[in-house]
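Trainee: I have a structure I would like to understand better, so I am pasting it below and will then ask my questions one at a time.
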Amino acid sequence: MAVSNIKEAAEAIKRSKFAVAFTGAGVSVESGIPAFRGEGGLWQKYDSNVLSLSTFYRNPAKAWVDIKKIFYDFFGQASPNPAHKVLAQWENNGIIHAVITQNIDNLHQEAGSKQVIEFHGTCSNMVCISCGKKHRSSSVNLNDLPPRCSCGGVLKPDFVFFEEGIPEDAYKKSFDFAEKADLVVIIGTTGEVSPANYIPQIAKRHGATILEINPKPSLYTSSITDIYICEKAGKALPEIQKELEL
Ligand code: APR
């Protein structure tokens with residue numbers, strides 16, 4: 001896949017009638033949140049098993065020690081970077097219809113995006129595994145683990161663990177958008193995790209153009225990507241926005 005340029009990306013966006021963004025951990029790296037894979041990735045430091053449902057249920061207290069370190073010690077400290085802000089601007093200007101994100105960091109919403117589909121749930125809430133009650137993560141005391149509900153049940157983060165199903169509403173909306181989209185802007189994902197990674201592929205099969213922004217090639221780059229911007233999201237998106245304003 002040859003590396004494209006900002007002009008081509010802007011042209012594709014101008015031509016599109018129904019564009020959606022599909023984002024992964026890479027879009028939040030410039031906000032200070034490490035990605036999962038690649039150098040310095042979280043799965044090099046932690047065993048991804050800590051996020052499997054069976055490990056969590058087997059010993060919630062033990063699983064919570066790493067979950068707190070990975071997802072909650074920095075929770076609320078990261079803020080949206082220029083990439084999140086441009087995507088919010090594009091939704092506002094009617095350029096994109098939605099952001100389908102694999103991320104659980106709420107940064108798209110904090111940047112002002114409204115139509116955000118959280119395919120893997122969110123860090124912002126926790127749910128009691130006994131009574132199902134939802135709690136805002138900001139109101140949960142994480143000094144003694146595992147955190148518990150007023151009913152005494154253990155709280156689980158409201159994001160999708162390995163071996164866990166995708167929230168039905170997010171699943172349905174995402175694949176509906178994938179079938180309707182004539183342009184998918186893929187930003188910052190290896191494309192390694194299913195079923196999320198099918199979303200751009202379904203769109204492609206329905207005739208969509210695929211624009212990808214990633215400083216490293218992903219599983220999409222030499223398979224379905226039509227326009228590849230080999231650049232960090234925080235730099236490429238403002239450059240495309242500048243090109244659109246010309
Ligand atoms: N701008 C754009 N992309 C970037 C940047 C950046 N500044 N920095 C890194 N990237 C790219 C990397 O090149 C890589 O392709 O972001 C991608 C991050 O890949 P992963 O860490 O695998 O993240 P993601 O694809 O979102 O993982 C999918 O895996 O562990 C699960 O549930 C978790 O949602 C996550 C899923």
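Trainee: Work through the residues other than Lys156 whose Cβ is under 15 Å from its Cβ and net out their charges, Lys, Arg +1 and Asp, Glu -1.
Mentor: Details: positive: Arg58, Lys62, Lys68, Lys133, Lys134, Arg136, Arg148; negative: Asp66, Asp158, Glu163, Glu164.
Its environment carries a net charge of +3.
Trainee: Let me ask another. Quote to one decimal, in nm, the extra length available between Lys7 and Phe74 on full extension: 0.36 nm per residue of separation minus the C-alpha distance between them.
Mentor: 20.5 nm
Trainee: If you don't mind, another one. On the full set of protein chains, 1.4 Å probe, figure out the accessible area of Lys133 and give it in Å² to the nearest 10.
Mentor: Approximately 100 Å² for this residue.
Trainee: Related question: Could you give me D for region 48-91, from Stokes-Einstein at 37 °C and 0.692 mPa s, where the hydrodynamic radius is the Kirkwood radius over C-alpha pairs? Units µm² s⁻¹, please.
Mentor: 260
Trainee: Taking only DSSP H segments of four or more residues, each worth -39500 (n - 2.57), what value at 222 nm results for the chain once the sum is divided by all its residues, to the nearest 500 deg cm²/dmol? Don't skip to the answer; put the middle values down first.
Mentor: Values: 9 runs with 78 residues, N = 246.
That comes out to -9000 deg cm²/dmol.
Trainee: In whole percent, how big is the carbon plus sulfur part of the accessible area of region 100-176, probe 1.4 Å, protein atoms only?
Mentor: Exposed carbon and sulfur together represent 46 percent of the surface.
Trainee: Can you sort Phe74, Phe162 by 1.4 Å-probe accessible area, starting with the largest?
Mentor: Working: Phe74 130, Phe162 80 Å².
From most accessible down to least: Phe74, Phe162.
Trainee: Next up: Net charge within 14 Å of Ser223 by Cβ-Cβ distance, Lys/Arg positive one each and Asp/Glu negative one each, not counting Ser223 itself?
Mentor: In short, -1.
Trainee: Alpha carbons only, please: Rg and Dmax for region 92-246, in angstrom.
Mentor: 17.9, 59
Trainee: May I ask you to give the percent of accessible area on region 33-72 that is carbon plus sulfur, with a probe radius of 1.4 Å?
Mentor: On the way: 1140 of 2170 Å².
Looking at region 33-72 in its full context, I get 53 percent from C and S.
Trainee: Given a 1.4 angstrom probe, what's the average accessible area per residue across the chain, in square angstrom?
Mentor: 47
Trainee: Report the percentage of all Cα-Cα pairs in region 182-222 whose separation exceeds 14 Å, rounded to a whole percent.
Mentor: 40
Trainee: Any number yet on Rg/Rh for region 36-129, C-alpha, Kirkwood?
Mentor: Details: Rg = 15.5 Å, Rh = 15.0 Å.
Rounded to two decimals, Rg over Rh is 1.03.
Trainee: If you don't mind, another one. Got a sec? What order do His108, His120, His97, His206 fall in by accessible area at 1.4 Å, biggest, i.e. largest, first?
Mentor: I get His206, His97, His120, His108, largest accessible area first.
Trainee: Just to confirm a number: summing +1 for Lys and Arg and -1 for Asp and Glu over residues other than Ser52 whose beta-carbon lies under 15 angstrom from that of Ser52, what do you get?
Mentor: -1
Trainee: Also: Could you give P(r) for region 83-151, binned at 10 Å from zero, as whole percent values over all Cα-Cα pairs?
Mentor: Spelled out bin by bin, region 83-151 gives 20, 38, 24, 15, 3 percent.
Trainee: While we're on this one: Filter Lys85/Lys156; Lys114/Lys232; Lys69/Lys235; Lys134/Lys216; Lys69/Lys242 down to the pairs with a C-alpha to C-alpha distance above 27 Å, please.
Mentor: Long pairs (Cα-Cα over 27 Å): Lys85/Lys156; Lys69/Lys235; Lys134/Lys216; Lys69/Lys242.
The values are calculated or read from the model by the stated rules, or taken from the named source; none is laboratory data. Keep in mind that what you see is a predicted model, and the values were worked out from it rather than measured. Methodologically, a virtual Cβ is constructed for each residue, glycine included, from the backbone with ideal geometry; neighbour enumeration extends over all protein chains shown. Calculation scope for accessible area: heavy atoms of the full protein, side chains included, ligands and nucleic acids excluded. Shrake-Rupley method; radii C 1.70, N 1.55, O 1.52, S 1.80 Å.
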